[in-house]
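The structure appears below as structure tokens.
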Amino acid sequence: MALTLLRGMRTPIVARRDAGLFFTTLQTPLSRFTTRAESAHATEPKAAPKSIQLATKEAAEQKTQGFEAVIGIETHVQLSTVTKAFCSCPYSYGSQPNSTVCPTCMGHPGTLPVLNTKVVECAVKLGLALNCEITMTSKFDRKQYFYPDLPKGYQISQFDIPIAKEGYLDLDLPVEFGGGHRRFGVTRVHMEEDAGKLLHSESGSYSQVDLNRAGVPLLEIVSEPDMRTGIEAAEYGAELQRLVRYLGVSNGNMQEGSLRCDVNVSVRPIGQSKFGTKVEIKNMNSFSAISRAIDYEISRQILLHKEGQADQIVQETRLWDESSQKTFTMRKKEGLADYRYFPEPDLPEVVLTSEYIDEIQKSMPELPEAKRRRYENMGLSMQDVLFLANDDNVARFFDSTLEHGADAKLAANWIMGDIAAYLKNEKLSIDEIKLTPLELSELIASIKNGTISGKIGKEILIELIAKGGTVKSVIEEKDLVQIADPAAIEAMVDQVLADNPKQLEQYRSGKTKLQGFFAGQVMKASKGKANPVLLNKILGEKLKANS
């Protein structure tokens, strides 16, 4: 176990939580961003959101203008622990404001933090998954800054000795974006606590403070500035989301703020080694928004360079505004000195052992990159690979289907086709349906051995997804066994040809496409149960003889 020299466990002080007791109202003016954004909206028409494909094309065009972008990402991942980082308060998204707080996470004088060791375990897991060097002895630091949602006046974080450093993340770009493998460096992973949340009034005349989120454990992942386009940055963020979900350390939901990406963008002439002035972009709640925000910012900075106004690019934080598809100045960016970091005096060092790290390493699941390579070695296309490995639940369903003897390509086709379409229409996840991997493998086998046709298979699939049961019972109950008796099929073909003399005459006149019509009539007469291969063979022979 991690050797964390923690203070003795203390019983937390119980504070009354009457409605509104900790609900702080601040009479504050509108932020500069809001003012500027509203002004811009009043004078400029709203741009329609651009597709990721269009953004990719524009980014590529911008590269030909003699400049290249340099992009790095700071990602905050909210951990799925039962309690907060330094106190025993739970956290539940959507709770009533200030309902999950205590004197410790509210920063009351005299309270002391106690480290949640689950946070350390999650940090080591993610560090190993990112191929990082794990720091055997790390420490916490105080990051000083003033903001209404930071009750202590500082954030407990890690500064110069993070728990993990010098790693990398491998990913595969989707085929529609050019494909290819990418490896992006990871500078560090460190533990810290979250701040509270400001709830702004519609009028903008005041803001309210909700401290439910204060003290919630975070892991911050800082990338190397290795990305060059908005697409690469968005795919890096998506791969991180995939990774934390596979590990089970976070749900990674951007809409809930469980995964937040702050992007640093600068541009420089192609061939120049020195970085340009970086700008930080916040307020992006989807990977598509990340791509579009970056591509806009690259365009903005290149335009300033070309107009001889490169000095107008300053180190600042800008907010992405979805409605106008632009970034706006929020505040000038602070330097490290402004935060006045110093070691956290109320928390001891975090000391790990090799045995503890080895134990975590052994408990690690198969990660997305390893899964993609394994699927690729099965002969699946990259499109199949990326779809199946994208969701851990889908990957588990697929793997379990294969364990029951199904062919990999056939199983992939069923999951990516009919099953995926059903899930999308019904807004369900694959672990919410009643179809089991065993029955999918049985369905594939029944089609392959000729017991049922592919068309009947699709009908059975829908019933199994919605109601459950077994392939065998549905076939028997509805008498769906495929007709494979040549004599029976020949009799049906003769009857269809006899019932359609006009179409038969047209066929003899050269309209050979009518063979499909006759086949359809036979399938209708057999209620879809005629063996299609045998049917086409017999029908072809009959039509040839009648020509």
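The values are calculated or read from the model by the stated rules, or taken from the named source; none is laboratory data. Remember, it's a predicted structure, so these values are computed and weren't measured experimentally. A quick note on method: Cβ atoms are made from the backbone with ideal geometry, for glycine too, and the neighbour counts reach across all protein chains shown. Accessible surface areas use protein heavy atoms only, side chains included; no ligands, DNA or RNA. Shrake-Rupley method; radii C 1.70, N 1.55, O 1.52, S 1.80 Å.
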- Message: Can you give the local net charge around residue 70? Use residues other than it whose beta-carbon is closer than 9 angstrom to its beta-carbon, Lys and Arg +1, Asp and Glu -1.
- Response: +1
- Task: For every other residue with a beta carbon closer than 11 angstrom to the beta carbon of residue 474, add +1 if it is Lys or Arg and -1 if Asp or Glu, then tell me the sum.
- Result: -4
- Message: Below 13 angstrom from the Cβ of residue 124, what's the summed charge of the other residues (Lys, Arg +1; Asp, Glu -1)?
- Response: -1
- Item | All aspartates and glutamates inside 16 Å of residue 537 as judged from Cα atoms, apart from same-chain residues fewer than 8 positions distant | 485, 490, 494
- Item | Coordinate range along principal axes, alpha carbons of the range 486-546, Å, largest first | 30, 18, 17
- Task: Before anything else, pin down the relative contact order of the chain: Cα pairs under 8 Å, at least 6 apart, normalised by residue count, whole percent.
- Result: 16
- Query: For the chain, which whole percent of the accessible surface, found with a 1.4 angstrom probe, sits on carbon and sulfur atoms?
  - Reply: 53
- Query: Where Rh denotes the Kirkwood radius from the mean inverse Cα pair distance, what is Rg over Rh for the range 378-461?
  - Reply: 0.94
- Message: Using only the alpha-carbon atoms, how far is helix 230-247 inclined from the longest principal axis of the chain? Give it as 0 to 90 degrees, nearest 10.
- Response: 90
- Message: Normalised by the empirical 2.2 N^0.38 Å for globular proteins, what value does the Cα Rg of the range 284-338 take?
- Response: 1.24
- So which of 434/455; 502/529; 371/527; 371/529 end up more than 30 Å apart by C-alpha? 371/527; 371/529
- 1.4 Å probe accessible area per residue over the chain, in Å²: 48
- Note to self: C-alpha centroids of the range 250-267 and the range 309-328 sit apart, in Å, by 18
- Query: Quick one: Karplus J couplings for the range 407-412, per residue in order, coefficients 6.51, -1.76, 1.60, θ = phi - 60°, nearest Hz, x for Gly and Pro?
  - Reply: 5, 4, 5, 5, 4, 4
- Query: Helix 32-43: angle to the longest alpha-carbon principal axis of the chain, degrees 0 to 90, nearest 10?
  - Reply: 50
- Helix-only [θ]222 nm of the chain, DSSP H runs n ≥ 4, -39500 (n - 2.57) each, per residue, nearest 500: -12000 deg cm²/dmol
- Once the in-chain neighbours fewer than 8 apart are removed, the lysines whose Cα is under 28 Å from residue 278 read 46, 50, 57, 63, 143, 165, 197, 306, 326, 332, 333
- Message: Past the 22 angstrom mark, what percentage of all C-alpha to C-alpha distances in the range 302-398 do you count?
- Response: 69
- Item | Angle in degrees between helix 437-448 and the longest Cα principal axis of the chain, rounded to the nearest 10 | 30
- In a Debye calculation with equal point scatterers on the alpha-carbon sites of the range 85-158 and no solvent, what is log10 I(q)/I(0) at q = 0.19, 0.26 Å⁻¹? -0.99, -1.28
- Could you let me know the centre-to-centre spacing of the range 110-178 and the range 333-397, using Cα atoms, in angstrom? 12
- For the range 103-226, what percent of Cα pairs sit more than 22 Å apart? 49
- Query: Probe 1.4 Å, all protein chains in place: accessible area of residue 206 in Å², nearest 10?
  - Reply: 80
- Kirkwood hydrodynamic radius of the chain from all distinct Cα pairs, in Å? 27.7
- Relative contact order %, the range 486-546, counting alpha carbon pairs below 8 Å whose residues are six or more apart: 46
